[in-house]
Amino acid sequence: MGEHLSGSPPAGAGQQIYVEIGIRTSMERLWTLSQEPDLHPRWDLRFSRIVPTGQDDEGNVSFRYEFRLPFHTIRGTGTSLGNRRRADGQATSVLRFTTADVLSPIGPGAGYWRYIPTDHGVRFITGYSYRPGMGVLGRILDRRVIRPALGWATAISFDRLRLWAESGLRPEDSRNRWAIDAAARGAALLTALLLFRRALSGRDVGVAAILASTAALASWLTPPHRTVPRAGRCLRKAPDARSARAPSSLLTLPSPPISGTGPGRRSSSGIDF
C-alpha cells in the first residue's frame, strides 16, 4: 500500500480544511500535548471533552467527544490510529468521526495529523473534511459560514498549542489574553465609530475625525503581543500535494459506531483524501 491516498473527497464532503504551523519543540512533547485525551481539549476549540472507550487488536482507538454550546452539548463518536515511529522520522494520526445530533453542523468526516521533524522543531499539519449536518440549512451555511469558522478555530487552536509547547503558556491563559486583546480592539473600534458620529454631527469636526481615524487604525494595525494566539500565524493552504494527502492508514480505519445506536451500527463517512 502506498504512503498516501490520492483523490478528492466524495460528493457532499466539501472542501478540505488545511492548517499548518511550525512549532519549536520536540516531537515527544508535541505528540503528548496533542494526543493525550485530557490535554487535547485544553487547546483545541473544536472539542470540550474526549473520552477513550476502547482499543481493538489493530490499535484503533474508539472515543466519544463533546462540544459544549451555551444551551446544548453536541456529542459524537470517533475512531483514531496513531503511528509514532515511522521509518522516515514522521509521526501521523488519522481519524474518522460522526454524530447523530441533528443540531451538529458537522456530520460524518475524516482527517489526519502529520508531524514532520525539521531543523527548528516540528511541522504540525492537519487536513480534514466532513459532510455538513443540520440538513438543508447546514448545506447552505457550510461553505460561507461554518467551514471558514472551523478553519479559523483550528488555526487559532494550533497557535495556542504552539504557545503551550514552546513557552509553557497554558491554553487557558492564552485564551484569556486573546479575549483581552479582542476586547481592547473592539473598544477602540467603538470609540472610532462614536467619534465619527460626532464629526458627522458637525461638532468639533476636525479633531473628532482625526481621533476617530487614529482609533480605527489602532484597532486594525496594532500588532498583537507575541503571547496572544492568532489564526494568521498558520498556513491555511497546503504548500504541496504531499502535505494535503492523508496517510494511507486512513483507508483501512473503521468508521465509528453512531452514538446511541448500539455496537452493530456504524457510520458511513466514506470520506478519504
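The values are calculated or read from the model by the stated rules, or taken from the named source; none is laboratory data. Computed from a predicted model, the values in this text were never measured in an experiment. Neighbour counts are summed over all protein chains in view; Cβ atoms, including those assigned to glycine, are modelled from backbone coordinates with ideal geometry.
Might you let me know whether the range 243-254 holds any residue that is modelled with pLDDT of 90 or more, part of a helix (DSSP H, G or I) and of a type in the set (Gly, Ala, Ser)? Yes: one or more hits. If only residues of the range 128-140 that are over 25 Å from residue 23 (Cα atoms) and in contact with a Pro (Cβ under 7 Å, 6 or more places away or on another chain) are counted, the one that is surrounded by the fewest Cβ atoms within 10 Å (Cβ to Cβ) is 139.
The residues in the range 217-242 that are closer than 25 Å to residue 97 by Cβ, in a helix (DSSP H, G or I) and among the basic types (Lys, Arg) can be counted, and the count is 0. Scanning the range 151-204 for residues that are β-branched (Val, Ile, Thr) and surrounded by 19 or more Cβ atoms within 10 Å (Cβ to Cβ) turns up 154, 156. Total residues in the range 97-114 satisfying the condition of being touching a His at 6+ places or on another chain (Cβ under 9 Å) and either outside any loop (DSSP other than H, G, I, E, B) or more than 14 Å from residue 137 (Cα to Cα) (or both): the figure is 1.
Residue 51 satisfies every condition listed in (1) surrounded by 16 or more Cβ atoms within 10 Å (Cβ to Cβ); (2) of a type in the set (A, V, I, L, M, F, W, C); (3) assigned to a strand (DSSP E or B) except (1). Condition check: in a helix (DSSP H, G or I), crowded, with 18+ Cβ neighbours inside 10 Å and touching a strand residue (DSSP E or B) at 6+ places or on another chain (Cβ under 7 Å). Does residue 30 satisfy that? So residue 30 passes the test. Here residue 192 fulfils each of the conditions (1) more than 19 Å from residue 44 (Cβ to Cβ); (2) touching an Asp or Glu at 6+ places or on another chain (Cβ under 7 Å) apart from (2).
Kindly establish whether residue 121 is modelled with pLDDT of 95 or more, over 20 Å from the mean Cα position of the chain (by Cα), on the phi > 0 side of the Ramachandran plot and not basic (Lys, Arg). Taking the combined requirement at face value, the residue satisfies it.
Restricting the first residue to the range 219-230 and requiring it to be farther than 10 Å from residue 184 by Cβ, which pairs with a second residue that is among the polar types (S, T, N, Q) meet a Cβ separation below 6 Å and a spacing of at least six or different chains? Short answer, once both residue conditions are applied: 229/174. Within the range 116-124, not a single residue is touching a Lys or Arg at 6+ places or on another chain (Cβ under 9 Å), closer than 16 Å to residue 43 by Cβ and in a helix (DSSP H, G or I). Being more than 17 Å from the chain's Cα centre (by Cα), in a strand (DSSP E or B) and farther than 24 Å from residue 233 by Cα: is that true of residue 81 here? Yes.
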